[in-house]
1. Going by the structure shown, is Lys80 within 24 Å of Leu170 (Cβ to Cβ), surrounded by fewer than 20 Cβ atoms within 10 Å (Cβ to Cβ), out of contact with any Leu (no Cβ under 7 Å at 6 or more places or on another chain) and among the basic types (Lys, Arg)?
2. Which residue out of Gln159, Gln153 is in the same structural domain as Ser44 (by TED's automatic domain parsing), away from the ligand (no atom under 13 Å from the Cβ) and either of a type outside the set (A, V, I, L, M) or more than 22 Å from Val128 (Cα to Cα) (or both)?
3. What are the residue pairs meeting all of these: first residue in the range 24-46, first residue closer than 21 Å to Val128 by Cβ and outside the structural domain of Asp69 (by TED's automatic domain parsing), second residue within 9 Å of the ligand (Cβ to nearest atom) and not in a helix (DSSP H, G or I), Cβ atoms under 6 Å, and 6 or more apart or on different chains?
4. Answer yes if at least one residue in the range 124-139 is modelled with pLDDT of 95 or more, part of a strand (DSSP E or B), touching a strand residue (DSSP E or B) at 6+ places or on another chain (Cβ under 6 Å) and surrounded by 15 or more Cβ atoms within 10 Å (Cβ to Cβ), and no otherwise.
5. How many residues are assigned to a helix (DSSP H, G or I) and out of contact with any Pro (no Cβ under 9 Å at 6 or more places or on another chain) if we restrict to the range 166-197?
6. If only one of Thr223, Thr249, Thr273, Thr267 is surrounded by 14 or more Cβ atoms within 10 Å (Cβ to Cβ), of a type in the set (S, T, N, Q) and in a strand (DSSP E or B), which one is it?
7. Given the conditions (1) aromatic (Phe, Trp, Tyr); (2) closer than 19 Å to Ser44 by Cβ; (3) out of contact with any strand residue (DSSP E or B) (no Cβ under 6 Å at 6 or more places or on another chain), report the number of the one that Tyr145 does not fulfil.
8. Residues of the range 92-125 being closer than 18 Å to Met166 by Cα and either touching a residue at least 40 places away in the same chain (Cβ under 8 Å) or not assigned by TED's automatic domain parsing to the domain that holds Asp9 (or both), which ones?
Amino acid sequence: MKVITKIVDLQNELFAARKEGKEIGLVPTMGALHEGHASLVKRSVKENDITVVSVFLNPTQFNDQGDLDRYPRTLEADCKLLEDCGASYCFAPSVDEMYPTPDERHFEFPPVSTVMEGAKRPGHFNGVCQVVSRLFYIVRPNRAYFGEKDWQQIAVVKQLVKFIGMSDSLQIVECPIIRDEDGLAKSSRNSLLSKDERAIAPAIFKALKESVEYAKNHNVKETHDKVVADINAVEGLEVEYFEIVDGNTLQDVTNWEDSPYVVGCITVYCGKTPIRLIDHIKYKE
Ligand code: AMP
């Protein structure tokens, strides 16, 4: 695996590969890699001749400077994991390399980019679109891999691909969420949890999982309220939002019959710092 920091160097490598008819998979990440990321990389390695993994902590998608400052940076360990997964290139540019001038573009795809995370983290999806579009232009992948962990991000990226006219050449591949044994969704931010915080965090998925059974005999509002109450009952956890939505449009669902595809998306603050954890559950698919 080659570690590349310059856009031109990566483009030269990929130009040669493309000329030989090789197909390229891209896995965008912000580093501090774990098994969730590894599952995306392994899938790309299986489905493409070349896999590029970007490791770039994108400042434009952080609306909270403290969150960016705290974010774990582990490039050496990331490279080891990527090598083990069979990635071809780790693309780890500096901020100046990715943004030689400020990115003034503004992306908005309402309603998918304006609800939930879009509403709670103003500018977040704009930053995601800025960096992901740049990566797509640089790498020109045949396939790009995204985790269902960030459910809403996939919906936004699909809109972005249409908007920048890449729908015919680029496939967005959705990959299932990977969890720790106790159910906690794997996340780079989990390493920031104290021992006590880590011990309570699995209550999030526990409440979500239990609510699937509960939903069989209760309406959407009752199910919503039970999840929020169950999680808020745990000292140290506080639900920021829980929304039961159509899995594609992300529009609120009021009755289970409203959509064939119903997902609950949640964000919970954990502990004193606090660390913001996200998760989801599928009610109907
Ligand atoms: P991040 O480094 O957090 O930006 O994540 C990079 C990619 O890995 C995104 O597409 C995430 O959705 C995906 N990802 C992160 N955690 C997980 C997980 N636990 N399971 C599956 N995919 C994940």
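The values are calculated or read from the model by the stated rules, or taken from the named source; none is laboratory data. Everything quoted here is computed from the prediction, not taken from an experiment. When we count neighbours, we look across all protein chains shown, and the Cβ atoms used for this are built from the backbone with ideal geometry, even at glycine.
1. no
2. None of the other options fit; the residue is Gln159.
3. none
4. No - not one qualifying residue is present in the range 124-139.
5. So the answer is 3.
6. Just one listed residue meets the conditions, Thr267.
7. (3)
8. Phe107, Phe109 - these are the residues of the range 92-125 that are closer than 18 Å to Met166 by Cα and either touching a residue at least 40 places away in the same chain (Cβ under 8 Å) or not assigned by TED's automatic domain parsing to the domain that holds Asp9 (or both).
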